[in-house]
Amino acid sequence: MEVGAQGFARSLPRLRRRIRRAAFLAVDTEFTGLYSTFSQNNEPSLFDSPVERYLKARQSVQRFTVTQLGLAIFSKENSNKYEVHSYNFFLFPSTLGVGDVEFTLSASSIQFLSHYGFDYNKFLKDGIPYMNEVQEKILRQHLLAGSWKFHSTSSADKDVLKKAIDEVTCWIAAAEEEETMILQDLNDYHVLEVQLVLRQALQNVWTEPLGNKKVMVKKVSLQHRQLLENSSHDHCQKELILLSARGFTNLFQILVEAKKPLVGHNMLMDLMHFHEKFYKPLPESYEEFKRNIHNLFPVLIDTKTVTKSMQKNYLFPRVSSLLEVYAVLCSSSLNPKDPPWPVIALASDCSRYAEKKSPHEAGYDAFLCGSVLLMSAHLLLCRSTDDAVEADPSFSQYLTVLAEHVNKVNFIRGGISSINFSGEDAPCHHPPVLVVHVRGWPELNERQIYQEFKGLCRFDVRRLSKNQFILLSSKYKHVRLVLRDYKHHPHLQVSVYRHWRHSPFVNCLLQVSGVVALWSLLAFVLGGAP
């Protein structure tokens, strides 16, 4: 279930086979932070347009990194059964290259993951490397020029390298040509790094990996070394080095090529990190980002979008977390009797998730996400027709009933309800906007207005003019509550915003029009014919 750098290369062929035969894939990611506070006003706001939100999130994605990526592979078996292989991939930026990667840690995010048992030692010591296309291009150029280098800051890595170099240096002084020695207890990452460092430091040695964490070192002549370097069997060829440095990006490419439906829960940040870390740096253009993601993954399904719609149209409780949604769907009151839910069976190597809940572990959340999708789709299929539903619905039938939600990713607190990756974004309908007119309280700012209403309900605040502020809420009951409770407030006059009455632009235009009309009237009166 848990895959780090040491075992990743061995797992890749099996992962490729399972992905190719999958019905769909579910993903989840954990980050070192969510929203950057590096720049002011970077938190999501109900006032955000899609473009504004994208640019805010882009700043955060560029500063934080992915610590763990969960992938659940759902394969359709016989008789309405899906088998699930769920994986946790620990990731760490590639240290093989010409530029050291920097990222930020958010204290609250680190504390949050620690609370749920996240293993930071695996993230730091056994994280799978990755790089995007731009980083790969730079590395390829430096490999060809012979100017590559490692940027390893781990003291453990440095100790391994120092020990290997010391052993080889002591041995080679007395060794004869063609004599060999064996370096042992190296992980997959060290096997490559030790060979590259030794070859670069010593011109009269040759290295070969022996498997089982071992590397053979041979003393050779300069002529023999040149022959070996030109051999097609060299395990340290530039393409193989590049393949190792790409790490998880190799699996990302398999996901892209498979073109399987990709499922997530509130998956906008997941997709942005995918683009930034494994594909290309995020573009400044929001529309270009949408096009790129749609080309990479033509079928996206966000279970948050699906379940939000079900809350409106069915007797579905209003719950927020993925685990709560899963629990509600598993309840007997919602489970259709004819036919019942599809059977979702965890593979034997993932059985821990059947025995114990592991919220905010990426592999477990990916499993929950895919399960929620299957149960939601089945429920929608059963309620979409009065006719009997066949006992073994195909996944394509599920996709048909989910058609209105495909490629629509949930947009948290903003000017739209979802981002449409295959078309135009549709605006959402908010409760009426309120305007607060301040009297007798000089020099109030947005934060003070927010604190004033915070105890009663939640509003996003934006200054309209020197003594006026706009309030925007996502709940109608909050609007009614504030209008009622502040009806006779001595300093804050709250009313429903009317564009023609409260807009500074309209007011300015009316004032200018009034001045122009007055001068026109005076000119007519004073300059008219007797």
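Below, the figures for the structure above:
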read-out: Lys, Arg +1 and Asp, Glu -1 on Cβ, resulting dipole of the chain about Cα centre, debye, nearest 20; value: 1800
read-out: Surface/4 estimate of mean projected area, convex hull on alpha-carbon atoms of the range 262-408, nm²; value: 10.2
read-out: Of all accessible heavy-atom area on the chain, the percent that carbon and sulfur account for (1.4 Å); value: 53
read-out: Principal semi-axes in Å for the range 434-497 [√(5λ), Cα gyration tensor, largest first]; value: 17, 13, 11
read-out: Furthest towards positive pole of dipole, 491, 265, 415, structure part the chain, Cβ charges; value: 491
read-out: Along principal axes, Cα extents of the range 160-226, largest first, whole Å; value: 30, 22, 19
read-out: Lysines whose Cα lies under 25 Å from that of residue 219, excluding same-chain neighbours fewer than 8 positions away; value: 149, 158, 162, 163, 238
read-out: Among 397-404, 518-525, the order from most to least packed when residues are scored by Cβ within 10 Å on average; value: 397-404, 518-525
read-out: Mean separation of Cα contacts under 8 Å (6+ apart) over length of the range 434-497, as relative contact order %; value: 46
read-out: Helix-derived mean residue ellipticity, 222 nm - over the chain, DSSP H n ≥ 4, -39500 (n - 2.57), to 500; value: -13500 deg cm²/dmol
read-out: Cut-off under 5 Å, modelled amide H: who pairs with residue 48 long-range; value: 415
read-out: 324, 43, reordered so the largest accessible area comes first (probe 1.4 Å); value: 43, 324
read-out: Positive-end extreme of charge dipole, the chain - chosen from 71, 461, 286 (charges on Cβ); value: 461
read-out: In degrees, nearest ten, helix 155-172 long axis to first principal axis of the chain (Cα); value: 20
read-out: Rounded accessible area per residue of the chain, 1.4 Å, Å²; value: 51
read-out: Using a Förster distance of 35 Å, the FRET efficiency for residue 204-residue 16 (Cβ separation, nearest 0.05); value: 0.30
read-out: Computed accessible area, residue 255, all protein chains, 1.4 angstrom probe, square angstrom; value: 10
read-out: Unit charges at the beta carbon, dipole of the chain: most positive-side option, 470, 141, 367; value: 470
read-out: Note, ³J(HN,Hα) from phi for the range 469-475, Karplus 6.51, -1.76, 1.60, rounded to Hz, x at Gly and Pro; value: 9, 9, 10, 10, 10, 9, 10
read-out: Anisotropy class of the range 337-404 from Cα gyration tensor, a/c 1.5 cut; value: prolate
read-out: Chymotrypsin sites (Phe, Trp or Tyr not before Pro) within the range 69-121, DSSP loop, no more than 14 other Cβ atoms inside 10 Å; value: 116
read-out: Other-chain or far-sequence residues with amide H under 5 Å of residue 67's (modelled H); value: 30, 31, 32
read-out: At most 12 other Cβ within 10 Å, DSSP loop - GluC sites (Glu not before Pro), the range 208-317; value: 284
read-out: Largest-first ordering by accessible area, 1.4 Å probe, given options 170, 369, 382; value: 170, 382, 369
read-out: Rg in Å to one decimal, and Dmax rounded to a whole Å, for the chain via C-alpha atoms; value: 30.2, 123
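The values are calculated or read from the model by the stated rules, or taken from the named source; none is laboratory data. Source: prediction; values computed, not measured. Here Cβ is always computed from backbone atoms with ideal geometry, including for glycine, and neighbour counts include all displayed protein chains. When the accessible area is computed, the model is the full protein with side chains, heavy atoms only, and any ligands, DNA or RNA have been set aside. Shrake-Rupley method; radii C 1.70, N 1.55, O 1.52, S 1.80 Å.
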